[in-house]
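The block underneath contains the structure these notes are about, expressed in structure tokens.
The values are calculated or read from the model by the stated rules, or taken from the named source; none is laboratory data. No experiment lies behind these values; they were computed from the predicted model shown. Glycine also receives a Cβ, built like all others from the backbone with ideal geometry; neighbour counts cover every protein chain displayed.
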Protein chains: 2
Amino acid sequence: MKAPLRCLPAVLDRIDADLDQSLERLFAFLRIPSISTDPAYAAHCRAAAEHLAQDLASIGLAAEVRPTAGHPIVIGKGANGGGPSVLFYGHYDVQPVDPLELWDTPPFEPRIETIDGGRKVIRGRGACDDKGQLMTFVEACRAWKAVTGTLPLSITMMIEGEEECGSKNLFSFVRDNADELRRALALVCDTGMWDAQTPAVTTSLRGLLYEEVRIRCADRDLHSGLFGGAAANPIRVLAKIIADLHDAQGRVTLPGFYDGVRELPPDIKADLDALKLTPESFLGPVGLRAPAGEKDRSLIEQISTRPTCDANGIIGGYTGEGAKTVIPAEASAKISFRLVGDQDPKKIREAFHAFVRARLPSDASVSFENHALSPAIQLSYDSPILAKARAALTEEWGRKAVTIGSGGSIPIVGDFKRVLGMDSLLVGFGLDDDRVHAPNEKYDLASFHKGIRSWARILAALAAE
Amino acid sequence: MKAPLRCLPAVLDRIDADLDQSLERLFAFLRIPSISTDPAYAAHCRAAAEHLAQDLASIGLAAEVRPTAGHPIVIGKGANGGGPSVLFYGHYDVQPVDPLELWDTPPFEPRIETIDGGRKVIRGRGACDDKGQLMTFVEACRAWKAVTGTLPLSITMMIEGEEECGSKNLFSFVRDNADELRRALALVCDTGMWDAQTPAVTTSLRGLLYEEVRIRCADRDLHSGLFGGAAANPIRVLAKIIADLHDAQGRVTLPGFYDGVRELPPDIKADLDALKLTPESFLGPVGLRAPAGEKDRSLIEQISTRPTCDANGIIGGYTGEGAKTVIPAEASAKISFRLVGDQDPKKIREAFHAFVRARLPSDASVSFENHALSPAIQLSYDSPILAKARAALTEEWGRKAVTIGSGGSIPIVGDFKRVLGMDSLLVGFGLDDDRVHAPNEKYDLASFHKGIRSWARILAALAAE
């Protein structure tokens with residue numbers, strides 16, 4: 001059935017002609033301050049869910065606002081006769097806007113602005129993350145429906161309202177509705193392009209093991225004048241543990257840590273190398289110059305395809321102004337590992353605990369608290385779906401679409417794989433300068449417009465058996 | 001002139017006969033809540049100063065309440081014809097009392113209690129630190145005056161009201177009044193006994209170099225998913241520095257750190273060894289077992305006569321509940337060195353800065369803030385004053401008085417030496433279980449009573465040429 005591909009030119013024309021209306025619909029959505037983490041905005045979150053459900057209904061989806069223990073989840077279903085079924089995931093909630101005084105325009109009064117180089121951008125909270133991104137998919141569906149009277153394939157949409165506060169109720173929702181949500185493939189629009197010209201499919205997400213380590217020595221804080229020299233110091237114990245976690249080459253020293261880490265296929269590595277990511281371009285904007293990871297790995301490998309270990313927080317003893325001569329009773333650190341390939345987070349957790357215990361003096365004890373334990377996600381480089389998506393993106397943007405590994409995690413994607421047995425295709429149009437989670441968030445108008453066209457092409461490619 | 005020694009028995013009798021009145025005077029002083037660090041108690045601090053000045057006047061001293069930019073300083077002067085002149089230092093201010101709910105009795109309603117083993121104690125804030133201690137000296141003077149009509153030697157008393165909040169105005173007061181305050185010797189009653197049976201002269205106070213170190217890497221906090229692996233992490237930089245500061249033998253690794261550290265004279269070391277301080281007795285009560293300092297040094301050396309390095313505080317990154325995947329822009333630690341002998345705090349500070357800088361990756365910068373920089377204080381083991389004080393204490397307590405090194409600092413004692421060229425004799429009657437700075441502070445009645453008698457004997461010994 002090649003029908004979808006035959007209709008594509010008309011669908012793309014329709015998208016171009018409808019752009020102003022698409023923007024108006026996005027702006028109406030952006031005006032709803034659906035800040036999920038702040039209970040004061042709960043009614044706005046519900047309003048955003050209802051607004052979205054109405055919009056999905058307007059393009060013929062069977063749409064529902066489904067309750068959870070927190071903010072509701074919007075489900076929209078549109079069936080057609082052919083092609084694979086897909087589950088599209090996005091989120092209608094947004095980050096808080098503070099510090100408000102750093103915004104140049106009110107965060108919930110979206111507008112088009114022209115920035116340096118003449119780029120037109122959509123300014124406002126959620127413009128990119130994730131309202132703008134998810135609406136690229138919705139608008140692509142709308143255009144298909146308008147031109148052909150149907151969707152090019154069977155689509156279920158699941159749009160949650162708690163992504164920015166931990167997706168607390170999404171995981172049980174997915175488990176409880178597994179049969180309803182299990183489709184041939186998940187589509188996610190919450191990632192980025194390589195740069196403003198180069199589209200990308202995110203084929204891997206690093207996993208995350210996040211542990212809090214608390215070292216206790218004496219049963220109370222001690223005066224360092226009286227006890228200094230004789231009392232075990234938990235800050236020193238912790239410092240030694242953190243220092244020992246890396247060797248001089250930047251490799252993580254946990255025994256077995258690199259088990260399951262594979263080398264990249266040569267063609268993928270060549271694609272990555274061809275991107276020529278430089279420390280100047282990647283680290284320079286945040287005030288850094290020198291890649292700090294494994295010395296024998298390129299910068300792009302360090303941030304996307306190699307595992308890491310970092311200390312994310314540490315606290316112990318006196319941290320106020322001035323001096324206090326204390327040897328604290330305890331000190332704690334938050335230590336996380338980004339995982340790739342088949343690294344087993346449980347085994348690494350065990351190895352980490354053993355590593356810490358081996359470095360405890362007799363007067364120190366330790367307790368651990370786990371905050372995250374998810375393996376890496378990897379879409380096979382051989383997947384035909386990946387090939388179709390790359391071809392569609394390459395066609396739209398006029399530049400070869402790359403596959404990239406995201407250094408971060410999208411936990412629900414792990415659940416799609418583990419609970420529903422479903423691969424995810426991650427395509428998004430965010431750019432590094434979108435200022436997501438920060439004041440003055442924006443989304444390039446080109447990301448929005450060509451993003452819609454990109455989804456239209458991807459849907460056509462997926463529908464064409 | 002042996003007159004003072006001839007009068008001593010009558011003075012001691014007078015002290016015994018007057019004990020109840022001595023306690024009443026102490027209680028009246030303890031009832032004044034002279035908490036210096038809390039501005040709400042400023043009037044009480046002034047009241048305590050005036051109360052004390054009146055009491056000093058009642059024993060014939062020319063007493064004044066001298067203003068400072070903070071709480072006033074009480075000066076009392078009593079001259080006589082013979083003996084060396086001395087400056088007695090103490091403080092009338094006390095620590096805050098919170099958490100109030102942990103006190104078994106109201107902190108400013110002093111009382112006599114009988115505790116385990118039948119020991120009688122004076123309970124209340126300031127009972128030991130320092131009202132009870134300083135009144136041992138005042139009451140000794142009162143008894144001398146009552147029996148002989150004069151003081152046994154020329155005495156100036158300087159009692160400040162800001163010891164518990166940093167003695168902010170004392171140092172300039174001493175400098176501005178150097179001629180008035182410069183005497184042959186300073187006497188200080190703010191230290192402790194070795195144990196309830198064994199009197200002690202504190203002959204050394206460790207010096208203190210206290211540095212705050214701030215490491216900065218990126219110019220903002222980074223997402224560990226996006227930047228993890230490539231971005232320098234200031235917590236890791238700081239952990240490595242702290243870990244490197246000690247070797248496996250527990251020695252501090254700063255180049256030149258041990259310059260100026262001398263071995264103890266054999267007789268003093270023998271005295272210390274004879275005290276048989278055990279980890280069970282010293283570390284056990286705070287939940288520790290193993291001396292954590294230099295492996296080739298005894299516990300008592302570790303805490304009193306050897307230099308140390310400790311991390312007193314550390315903070316960086318996310319320290320709230322749960323997890324945040326951040327690579328922080330900066331991390332800081334408070335690191336202090338306890339110094340002994342002739343260690344030069346300025347040279348050690350320079351060595352520390354060089355040590356830190358040598359461990360900075362190219363993307364890290366450091367800034368330092370100094371919070372303390374004082375050399376150690378050491379009363380010569382050959383001093384005739386020390387011999388007289390030890391003999392007087394041995395006579396009173398029936399057990400050989402020991403010389404001990406205090407692990408902590410009394411900064412004004414350093415200024416007495418540097419600014420006024422004056423040695424200090426530190427004798428006090430505090431015990432390890434006095435709970436100074438904590439709820440339910442107490443002072444043994446025996447410390448108070450025999451403390452007064454001890455000072456009477458020391459004054460006699462100092463007066464007897």
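From the list A:D55, A:D38, the one residue that fits, being at pLDDT below 95 and acidic (D, E), is A:D38. Restricting the range B:437-451 to residues that are among the aliphatic types (A, V, I, L, M) and in contact with a Lys or Arg (Cβ under 9 Å, 6 or more places away or on another chain) leaves a set whose member that is farthest from B:R25 (Cα to Cα) is B:A446. For B:V261, the test of being farther than 22 Å from A:S365 by Cβ, surrounded by fewer than 23 Cβ atoms within 10 Å (Cβ to Cβ) and in contact with a strand residue (DSSP E or B) (Cβ under 7 Å, 6 or more places away or on another chain) is failed. Do we find that A:G313 is at the interface with chain B (Cβ under 7 Å from one of its Cβ atoms), more than 28 Å from B:R289 (Cβ to Cβ) and either part of a strand (DSSP E or B) or modelled with pLDDT of 95 or more (or both) in this structure? So A:G313 passes the test. Checking each residue in the range A:33-42 for being touching a strand residue (DSSP E or B) at 6+ places or on another chain (Cβ under 9 Å) and either outside the structural domain of A:K168 (by TED's automatic domain parsing) or assigned to a loop (DSSP other than H, G, I, E, B) (or both) picks out A:P33, A:S34, A:S36.
In the set (1) at pLDDT 95 or above; (2) more than 22 Å from A:H223 (Cα to Cα); (3) within 10 Å of another protein chain (Cβ to nearest Cβ), A:H371 fails one condition alone, (1). From the list A:A243, A:A239, A:A232, the one residue that fits, being part of a loop (DSSP other than H, G, I, E, B), over 27 Å from the mean Cα position of the chain (by Cα) and within 9 Å of chain B (Cβ to nearest Cβ), is A:A232. Inclusion of B:V286 among residues that are touching a Phe, Trp or Tyr at 6+ places or on another chain (Cβ under 8 Å) and within 30 Å of A:C165 (Cα to Cα) is not warranted. Against the test of being more than 17 Å from B:L445 (Cα to Cα), in contact (Cβ under 8 Å) with a residue 12 or more places away in the chain and basic (K, R), the options B:K145, B:K131, B:K120 yield a single qualifying residue, B:K145.
Inclusion of B:G256 among residues that are of a type in the set (G, A, S), more than 7 Å from chain A (Cβ to nearest Cβ) and either crowded, with 17+ Cβ neighbours inside 10 Å or more than 29 Å from the chain's Cα centre (by Cα) (or both) is not warranted.
Taking the range A:3-21 as the range and being within 29 Å of the chain's Cα centre (by Cα) and either farther than 20 Å from A:F448 by Cβ or crowded, with 21+ Cβ neighbours inside 10 Å (or both) as the test, only A:I15 passes.
With respect to (1) crowded, with 22+ Cβ neighbours inside 10 Å; (2) at pLDDT 95 or above, the lone exception for A:A230 is condition (2). Looking across the range B:155-204, the residues that are touching a helix residue (DSSP H, G or I) at 6+ places or on another chain (Cβ under 9 Å) and of a type in the set (K, R) come down to B:R175, B:R182, B:R183. Among the candidates A:S362, A:S409, the residue that is hydroxyl-bearing (S, T, Y), over 17 Å from A:T191 (Cβ atoms) and either within 13 Å of another protein chain (Cβ to nearest Cβ) or surrounded by fewer than 22 Cβ atoms within 10 Å (Cβ to Cβ) (or both) is uniquely A:S362.
Scanning the range B:46-61 for residues that are out of contact with any helix residue (DSSP H, G or I) (no Cβ under 9 Å at 6 or more places or on another chain), under 25 Å from B:L445 (Cα atoms) and either surrounded by 15 or more Cβ atoms within 10 Å (Cβ to Cβ) or of a type in the set (A, V, I, L, M) (or both) yields B:A49, B:A53.
Do we have any residue at all in the range B:323-341 that's among the acidic types (D, E), modelled with pLDDT of 90 or more and over 25 Å from B:R216 (Cα atoms)?
The answer is no; no qualifying residue exists.
In the set (1) within 35 Å of the chain's Cα centre (by Cα); (2) facing another protein chain (nearest Cβ under 7 Å); (3) among the basic types (K, R), the condition left unmet by A:R220 is number (1). Only one of the listed residues (B:L283, B:L288, B:L299) is within 12 Å of chain A (Cβ to nearest Cβ), under 21 Å from the mean Cα position of the chain (by Cα) and farther than 22 Å from B:G341 by Cα. That residue is B:L283. In the set (1) within 11 Å of chain A (Cβ to nearest Cβ); (2) touching a residue at least 40 places away in the same chain (Cβ under 8 Å); (3) assigned to a loop (DSSP other than H, G, I, E, B); (4) more than 23 Å from the chain's Cα centre (by Cα), B:T319 fails one condition alone, (2). Whether any residue in the range A:423-435 is of a type in the set (V, I, T), closer than 25 Å to A:L208 by Cβ and under 19 Å from the mean Cα position of the chain (by Cα) is what I want to check. Yes; the residues of the range A:423-435 include at least one that is of a type in the set (V, I, T), closer than 25 Å to A:L208 by Cβ and under 19 Å from the mean Cα position of the chain (by Cα).
Residues of the range B:267-280 being within 12 Å of another protein chain (Cβ to nearest Cβ) and surrounded by fewer than 13 Cβ atoms within 10 Å (Cβ to Cβ), which ones? Working first, answer last.
So in the range B:267-280, the residues within 12 Å of another protein chain (Cβ to nearest Cβ) come out as B:277-279.
Answer for the range B:267-280, where residues must be within 12 Å of another protein chain (Cβ to nearest Cβ) and surrounded by fewer than 13 Cβ atoms within 10 Å (Cβ to Cβ): just B:T278.
In the condition set (1) buried (at least 17 other Cβ atoms within 10 Å of the Cβ); (2) basic (K, R); (3) farther than 26 Å from A:R119 by Cβ, A:K442 is compliant with all but (3).
Out of curiosity, is A:A333 within 20 Å of the chain's Cα centre (by Cα), within 14 Å of another protein chain (Cβ to nearest Cβ) and in a strand (DSSP E or B)?
no
Quick check on A:S167: is it of a type in the set (S, T, Y), modelled with pLDDT under 95, within 22 Å of the chain's Cα centre (by Cα) and over 23 Å from A:I404 (Cα atoms)? Answer is yes for this residue. Taking the listed residues B:R338, B:R306, the one that is among the basic types (K, R), outside any loop (DSSP other than H, G, I, E, B) and facing chain A (nearest Cβ under 7 Å) is B:R338, with no other qualifying.
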